[in-house]
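Chemist: Take this structure first; my questions come after.
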Amino acid sequence: MKMKNPAVKERIKGLLDGVTKYDLQDRVKVRRWAKTFAKILNEPLTETQEDQLVNFIIAQKIDPNNMLHLIKLYTMFK
């Protein structure tokens, strides 16, 4: 519901502009983004939730330039 807010959506899209598949496999960068997005969405994350989220994103081996990967992500979080 919070991502439907155009201002929030654009802010997050701006932070992810230019992200590569190598960035999405870097645990430090993914953790930093998770913390940033949680703050933007005003969602408190515990250390365990943060670790689970980072592990999940890395396990997906997402390529932001591959349309099939983006469709998979869209359906996952729909």
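Chemist: Scan region 34-56 for residues that are among the hydrophobic types (A, V, I, L, M, F, W, C) and open to solvent by 50 Å² or more (accessible area, probe 1.4 Å) and report the count.
Modeler: 3
Chemist: Related question: What residue, of LYS2, LYS61, LYS9, LYS21, is free of Cβ contacts under 8 Å to residues at least 40 places away in the same chain, open to solvent by 60 Å² or more (accessible area, probe 1.4 Å) and of a type in the set (D, E, K, R)?
Modeler: LYS9
Chemist: Could you look through region 24-33, keep only residues that are touching a residue at least 12 places away in the same chain (Cβ under 8 Å) and among the charged types (D, E, K, R), and pick out the one that is most open to solvent (accessible area, probe 1.4 Å)? Quick ask: steps written out before the conclusion?
Modeler: Step one: filter region 24-33 for residues touching a residue at least 12 places away in the same chain (Cβ under 8 Å), giving 24-25, 27, 30-31, 33.
Next, from what is left, pick out any that are among the charged types (D, E, K, R): 27, 31.
Numbers: ARG27: 108, ARG31: 60 Å².
Looking at residues that are touching a residue at least 12 places away in the same chain (Cβ under 8 Å) and among the charged types (D, E, K, R), I get ARG27.
The values are calculated or read from the model by the stated rules, or taken from the named source; none is laboratory data. None of the values given here were measured: they were computed from a predicted structure. Positions of Cβ are backbone-derived with ideal geometry, glycine not excepted, and every protein chain shown enters the neighbour counts. Heads up: the accessible areas ignore ligands, DNA and RNA and are worked out on the full protein's heavy atoms, side chains in. Shrake-Rupley method; radii C 1.70, N 1.55, O 1.52, S 1.80 Å.
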